[in-house]
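One structure is given below, encoded as structure tokens.
The values are calculated or read from the model by the stated rules, or taken from the named source; none is laboratory data. If you're wondering where the values come from, they're calculated on a predicted model, not measured in any experiment. As a convention, Cβ positions derive from the backbone with ideal geometry for all residues, glycine included, and neighbour counts pool all protein chains shown. Just the protein is used for accessible areas: all its heavy atoms, side chains included, with ligands, DNA and RNA removed. Shrake-Rupley method; radii C 1.70, N 1.55, O 1.52, S 1.80 Å.
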Amino acid sequence: MSPESRITELTRRRIIDRLILGNANWAGRLDEDAFLARIYDLDSMESGDPRFDTARGDIWQHRVLNPYDWPDNWIFQDQRFGLQQGGPDETFLKFLSEMLHPVVRSDRDEVEQLRTQFNEALAPDGYEIVQSGSISGHPLYEGRSRSSF
């Protein structure tokens with residue numbers, strides 16, 4: 001585990017497994033590249049496909065033009081995004097928080113169910129997803145250390 005990562009591989013796996021088993025679409029109602037661009041600079045990330053220069057090209061080719069090239073939950077195995085293990089806690093928490101954003105998900109019950117699941121899994125590692133503001137009457141969320149309040 002890197003010094004910037006207190007969220008264990010076990011916790012990350014628990015959250016990812018729940019998302020996969022629950023058939024939660026991590027990108028919600030956004031295209032996957034649009035969702036990921038909210039978190040990552042896709043144009044500066046390397047491509048895994050020699051035909052493209054950046055991750056944006058990969059995603060467009062393999063998930064938009066040919067959506068069955070990669071499995072729906074490819075993001076969790078792609079090491080460039082650092083979600084499954086060893087990536088910074090901040091990035092993992094941002095990914096989870098963006099999944100709850102009202103532009104991504106409009107069903108408030110679904111958002112609250114996901115947030116509850118995330119918080120149950122994150123609590124032993126000292127993190128939580130909390131409301132940080134609102135937009136047009138809908139809550140916005142961010143990850144934070146439970147000791148920061």
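Peptides 101-107, 56-62, 130-136 ordered by packing proxy, namely the average of other Cβ atoms within 10 Å per residue, highest first: 56-62, 101-107, 130-136. Think of a 1.4 Å ball rolled over the protein heavy atoms: the stretch 65-149 then has 51 Å² of accessible area per residue.
Dipole magnitude for the chain: computed about the Cα centre from +1 point charges on Lys and Arg Cβ and -1 point charges on Asp and Glu Cβ, it is near 380 debye.
By accessible area, using a 1.4 Å probe on protein heavy atoms only, the chain has 48% of its surface on carbon and sulfur.
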